[in-house]
1. Give me the pairs, please: first residue somewhere in the stretch 48-76 and farther than 23 Å from GLU96 by Cα, second residue anywhere and open to solvent by less than 80 Å² (accessible area, probe 1.4 Å) and in a helix (DSSP H, G or I), beta-carbon distance under 9 Å, and either six or more positions apart or on two chains.
2. What pairs come up if the first residue lies in the stretch 293-309 and is of a type in the set (Lys, Arg), the second is at pLDDT below 75, and their beta carbons are under 6 Å apart, counting only those six or more places apart or on different chains?
3. Being polar (S, T, N, Q) and touching a residue at least 40 places away in the same chain (Cβ under 8 Å) is the filter here, so list the residues in the stretch 93-112 that pass it.
4. Looking at the stretch 246-328, what helices (runs of 4 or more DSSP H) fall wholly within it and have at least 1 residues that are crowded, with 19+ Cβ neighbours inside 10 Å and among the hydroxyl-bearing types (Ser, Thr, Tyr)?
5. Taking into account only those residues within the stretch 125-158 that are closer than 18 Å to LEU108 by Cβ and open to solvent by less than 30 Å² (accessible area, probe 1.4 Å), which is modelled with the lowest pLDDT?
6. Just a yes or no: is a residue in the stretch 338-351 in contact with a Lys or Arg (Cβ under 9 Å, 6 or more places away or on another chain), open to solvent by less than 70 Å² (accessible area, probe 1.4 Å), at pLDDT below 75 and part of a helix (DSSP H, G or I)?
7. Here are ALA81, ALA132: which of them is under 30 Å from ASP159 (Cβ atoms), assigned to a helix (DSSP H, G or I) and small (Gly, Ala, Ser)?
Amino acid sequence: MAYVVVCLNMCSVPLDVSVRERKQQDREERLSLVLWRKPLLTLQYSFLETLIVFKEWTWKLWLRRTVVFLVLVLVSVFSMAYSIEGAHQKYVQYLENKILWCAYWVGLGILSSVGLGTGLHTFLLYLGPHIASVTLAAYECGSVNFPEPPYPAQIICPDEEAAPDSISLWTIMSKVRLEACMWGAGTAIGELPPYFMARAARLSGAEPDDEDYKEFEEMLEQAQSAQDFATRAKLAVQNMVQKVGFLGILACASIPNPLFDLAGITCGHFLIPFWTFFGATLIGKAVIKMHIQKLFVIITFSRHIVEQMVSLIGAIPGVGASLQKPFSEYLEAQRTKLCLPGITWLQLLSPLF
């Protein structure tokens, strides 16, 4: 009996080494399987994988054939309503414009967050300038009764007279709420690839080739010996998401957080349910965080609120008077840029973010 135990203990080490070597060999084979090196084999595997995925999706659709039938009926009804002329076409056109407008901002949101931190900063380039232009036009016109989105190339003030105090933060926020929430929903959708990548890797047992996931695995292994601030910050995000769950994900998604990709990888690695992750991310980014960013832009471009802020700064004992003048001059310089020809919104907003 003792001989068997000793033999098993001696054989366990080569077994672990062989498994590790086999994984490394499989990874090298996957990396070498590209179209320009092994075209026939790559096309063969691609064709077989397509057949497998097609079979799986066909079976899933068959299991949900009632839902599929209802969707097909609704698509057929909308197609007929769209193609047939009649009095209903104005409602169809309105609905089409709304859907395209929402899809535009959702797409910009996806571009902002997809790519594990390498996405386009579409808030600075598109949404921020849009909110700023609506804010300035609202105070200039004394009303927010502009044409419904999508707006024309130039916002036109309404003809009717508006009440003197009809413009407030809340009326402007309501005017741009749809665009802001759609953009926030797009950023939440853009956070799904890291989640699905880590979840698939955990379920399959394979080691993905993504550098962020490898960094995450190394961080888990070196968690006890972490000393630098960046690693400790990442560990704090990982622990919050893992231990607190929905509320932890909501807290990470509700604030500007460059480490949120790590939260998605953590949720996928620890097999947190999809709707727990996506629901908290959607609420945090499309509702809480979006209202904070929107409120910041509106306040920045509201002259009377800025003047109140300047007066409050001047009331600070000791240093208030010295801070008040440079702060006021800086804001006035930003307003002056609005009247200069050729100035871009990116140049205008870049000092604010």
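1. LEU61/VAL68; TRP62/VAL68
2. No pair meets every condition.
3. ASN97, SER112
4. Numbers: elements: 246-253, 260-269, 274-283, 290-300, 303-314.
Because the criterion is at least 1 residues that are crowded, with 19+ Cβ neighbours inside 10 Å and among the hydroxyl-bearing types (Ser, Thr, Tyr), the helices (runs of 4 or more DSSP H) in the stretch 246-328 that meet it are 260-269, 274-283.
5. Here the answer is PRO149.
6. Yes, the conditions are met somewhere in the stretch 338-351.
7. Details: ALA81 fails: under 30 Å from ASP159 (Cβ atoms).
It is ALA132.
The values are calculated or read from the model by the stated rules, or taken from the named source; none is laboratory data. The shown structure was predicted, so the numbers you read here are calculated from the model rather than taken from an experiment. Heads up, the Cβs are rebuilt from the backbone with ideal geometry, glycines too, and the neighbour counts pull from every protein chain shown. The protein model used for the area step is the full one, side chains on, heavy atoms only, and it has no ligands, DNA or RNA in it. Shrake-Rupley method; radii C 1.70, N 1.55, O 1.52, S 1.80 Å.
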